[in-house]
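> Here it is, the structure in full.
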Amino acid sequence: MMTYKMYIHVGEIHDELARFVNNNFTLMNKPRFLIIFSSRKWQPPLTTLEQGLNGLKVEDVSIDTMATSSRYVFDSGPTTEPLVPPIYHSSTYKLKSVDDYLKILDQGGYIYSRLNNFTCDSVQAAINVIEGGKGTLVFNTGMSAISTALFCFLKSGDHIIICNPVYSGIYDMAVNMFPKFNIEVSFVQAGCSVEEYEKQIKPNTKMLYGETPCNPNMAILDLAEFGKLGKSKNILTMVDSTFAGPYLQPVIKYGIDISMHSCTKYLGGHSDLIAGSLTFSSVELWQTAIRYQTTLGASLSPHDASLLLRGIKTLPLRMERHSSNAMKVAKYLEKHPKINYVLYPGLESHPHHLIAKKQMKSFSGMMSVEVKGGLAGGRILAENLRIVQLAVSLGGVESLIQHPATMTHGPMLMSDEDRLSGGITNGMVRISIGIEDPDDLIADFKQALDEIPESLCAEN
């Protein structure tokens with residue numbers, strides 16, 4: 001006869017119950033149910049005090065001490081590993097001896113979570129392998145990643161060359177903060193040839209900084225040529241590749257020294273965390289930077305690290321959908337009569353399309369669009385969309401739009417002259433295309449563009 005197996009996974013099943021079941025539920029004198037008991041894993045967990053802690057017993061301490069000092073340590077049976085790295089909330093780590101402190105500093109390990117944390121290490125390892133780097137650090141914001149790198153590798157009297165336009169936080173730092181530290185800055189037009197960077201090099205130039213695609217005008221930097229220039233002049237190169245992400249554009253492989261990402265965007269992908277990362281082309285650069293990170297206190301929280309690691313698991317799927325959606329929307333907007341032009345690297349009309357095609361797997365979800373009607377036209381479009389949300393940031397699953405001339409690159413940061421010199425016009429809107437149905441997005445843009453009066457477009 002067939003024996004039926006019943007697997008009972010309960011922590012406190014009693015032997016009496018087992019005997020009752022096996023004695024009473026039988027068929028032809030054979031057990032109908034076979035009770036499979038849990039192993040030691042299912043025994044009640046005991047604290048180290050209950051097990052005996054170097055001779056100290058639970059009855060030796062008060063309930064106050066029990067509440068604060070009870071620890072559970074699983075120290076027998078096969079060792080298993082959680083499929084998803086756990087969130088290590090602990091601020092500090094228990095040492096077995098005082099000598100372990102220096103050993104850990106020398107050999108690696110965990111002492112204090114500002115220095116390193118297992119959850120953060122897990123996401124650093126994941127980003128690094130995607131980037132093809134020699135080491136990655138994660139930070140509590142994208143700006144903390146950038147500022148740590150800049151103050152780590154630049155000193156008083158040094159010179160840096162930066163593209164214009166550039167992320168607004170970098171522009172603020174370059175224009176308003178670097179002079180306090182006697183760091184000299186030169187700007188070149190974003191999307192220019194690498195020769196323009198070379199023309200600005202001085203004896204004290206220590207870093208070349210670029211964005212690709214550039215925020216917000218979507219200019220493309222030739223990474224291979226940029227990397228070659230840095231190597232030939234023995235000058236560090238740093239690239240912000242946030243608008244593409246490492247899946248679409250592996251910066252390090254082109255000879256760039258430091259790859260930066262605002263992980264808030266595509267790497268996180270769900271608009272629910274703030275983080276940044278730096279990936280380095282050498283262990284030596286990583287070792288130099290981690291000292292500045294820990295001393296400046298720019299470490300990422302383990303909770304955000306866990307969210308970031310979860311986001312990375314779907315990065316390839318999301319980036320392909322962002323890119324395919326954006327291509328459909330860009331093609332629609334490029335033909336719309338109320339749009340002057342669309343800046344999207346995937347369009348053949350983009351001035352740097354061939355460079356983008358050479359170094360990007362797909363073209364991401366970011367685009368900038370100049371709306372007819374100038375400032376008023378851009379505002380009307382941004383404020384009348386229903387599915388696409390009016391918000392800063394980018395790279396999440398939902399589509400977003402913002403108006404640089406009045407928002408991220410507005411008068412509180414840049415003069416009109418500086419803004420226009422970077423190609424940021426009054427009618428430009430920056431769009432982050434999400435993973436919604438592209439036909440729904442196109443319909444949303446259509447109805448919002450319909451709100452712009454023809455008379456306003458005629459004035460353009």
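Read-outs: derived from the displayed coordinates by stated rules, not from any lab. These figures come from a predicted structure and were not determined experimentally. Here Cβ is always computed from backbone atoms with ideal geometry, including for glycine, and neighbour counts include all displayed protein chains.
> What's the center-to-center distance, using Cα atoms, between the stretch 360-424 and the stretch 46-73 in Å?
Going from one Cα centre to the other spans 59 Å.
> Helix 118-131 sits at what angle to the longest principal axis of the chain, using alpha carbons and giving 0 to 90 degrees rounded to 10?
50
> Would you pull out the residues with amide H under 5 Å of Asn215's amide H, same chain only if 5 or more places away, H placed 1.01 Å from N?
For Asn215, whose amide H was placed from the backbone, the distant partners under 5 Å are Tyr167.
> Also: When the helices in the chain are scored as -39500 (n - 2.57) per DSSP H run of 4 or longer and the sum is shared across all residues, what 222 nm value do you end up with, to the nearest 500 deg cm²/dmol?
On the way: 18 runs with 170 residues, N = 460.
After summing the helix terms and dividing by the residues of the chain, the value is -10500 deg cm²/dmol.
> May I ask for the angle, rounded to the nearest 10°, between helix 142-153 and the longest principal axis of the chain, with both axes built from Cα atoms and the value confined to 0 to 90°?
Orientation of helix 142-153: about 80 degrees from the principal axis.
> Can you figure out the FRET efficiency of Glu195 with Glu348, using R₀ = 30 Å and their beta-carbon distance, to the nearest 0.05?
Details: r = 25 Å, r/R0 = 0.82.
The value I calculate is 0.75.
> Using modelled backbone amide H atoms (1.01 Å from N, in-plane), which distant-in-sequence or interchain residues come within less than 5 Å of Asn164's amide H?
Val188, Gln189, Ala190
> Apply the Karplus parameterisation 6.51 cos²θ - 1.76 cosθ + 1.60, with θ equal to phi minus 60°, to every residue of the stretch 307-319 and state each ³J(HN,Hα) to the nearest whole Hz, in sequence, with x for glycine and proline.
With coefficients 6.51, -1.76 and 1.60, one gets 4, 5, 4, 5, x, 5, 4, 10, 4, x, 4, 5, 5 Hz.
> Residue by residue through the stretch 226-236, which ³J(HN,Hα) values in whole Hz follow from phi under the Karplus form 6.51 cos²θ - 1.76 cosθ + 1.60 (θ = phi - 60°), with glycine and proline marked x?
So the J values, rounded to whole Hz, are 5, x, 4, 4, x, 5, 5, 9, 6, 10, 5.
> Can you list the lysines whose alpha carbon is less than 23 Å from that of Lys57, not counting same-chain residues fewer than 8 positions off?
Lys41, Lys94, Lys96
> While we're on this one: Could you please rank Val388, Val58, placing first whichever residue has the fewest other Cβ atoms within 10 Å of its Cβ?
Val58, Val388
> Pop out the ³J(HN,Hα) list for the stretch 181-192 in order, Karplus 6.51 cos²θ - 1.76 cosθ + 1.60 with θ = phi - 60°, rounded to Hz; leave Gly and Pro as x.
9, 6, 9, 8, 10, 10, 10, 10, 5, 4, x, 6
> Within a 10 angstrom radius of the beta carbon, how do Val342, Val429, Val185 rank from fewest other beta carbons to most?
Values: Val342 22, Val429 25, Val185 16.
In increasing order of surrounding Cβ atoms, one gets Val185, Val342, Val429.
> Residues with beta-carbon under 14 Å from that of Pro302, excluding Pro302: net charge, scoring Lys, Arg +1 and Asp, Glu -1?
The answer is 0.
> Counting other beta carbons within 10 Å of each residue's own, what order do Phe243, Phe151, Phe187, Phe139 fall into, fewest first? Display every interim value, and only then the final one.
On the way: Phe243 30, Phe151 16, Phe187 19, Phe139 26.
The order, fewest Cβ neighbours first, is Phe151, Phe187, Phe139, Phe243.
> Just want to confirm a number: the relative contact order over the stretch 40-142, from Cα pairs under 8 angstrom separated by 6+ residues, in percent.
Averaging sequence separation for qualifying contacts and normalising by length gives 17 percent for the stretch 40-142.
> Find how much the distance from Ala443 to Val129 grows on full extension, using 0.36 nm per residue of separation minus their present alpha carbon separation; answer in nm with one decimal. Mind showing how you got there, number by number?
Numbers: separation 314, 0.36 × 314 = 113.04 nm, distance 3.92 nm.
Computed gain between Ala443 and Val129 is 109.1 nm.
> Considering only DSSP beta bridges with both partners in the stretch 118-313, what is the antiparallel share in %, to the nearest 5?
Working: 11 of 29 bridges.
Rounded to the nearest five, the antiparallel share is 40 percent.
> Same structure again: Going by amide H atoms built from the backbone, whose H comes under 5 Å of the H on Thr264, apart from near neighbours?
Gly142, Ala275
> Here is a further query. Just tell me the longest site-free run in the chain, where the sites are trypsin sites (Lys or Arg not before Pro) in a DSSP loop having at most 13 other beta-carbon atoms within 10 Å. Mind showing how you got there, number by number?
Numbers: sites that count: Lys57, Arg71, Lys94, Lys96, Lys155, Lys335, Arg386.
Excluding the exposed sites themselves, the longest stretch runs over 156-334.
> Still on this structure, please answer the following. Using DSSP to call loops (not H, G, I, E or B), can you name the GluC sites (Glu not before Pro) in the stretch 300-352 whose Cβ has at most 10 other Cβ atoms within 10 angstrom? Walk me through the numbers before you get to the answer.
On the way: sites: Glu320, Glu334, Glu348; in loops: Glu348.
For GluC sites (Glu not before Pro) across the stretch 300-352 that sit outside H, G, I, E and B with at most 10 neighbouring Cβ atoms in 10 Å, the list reads Glu348.
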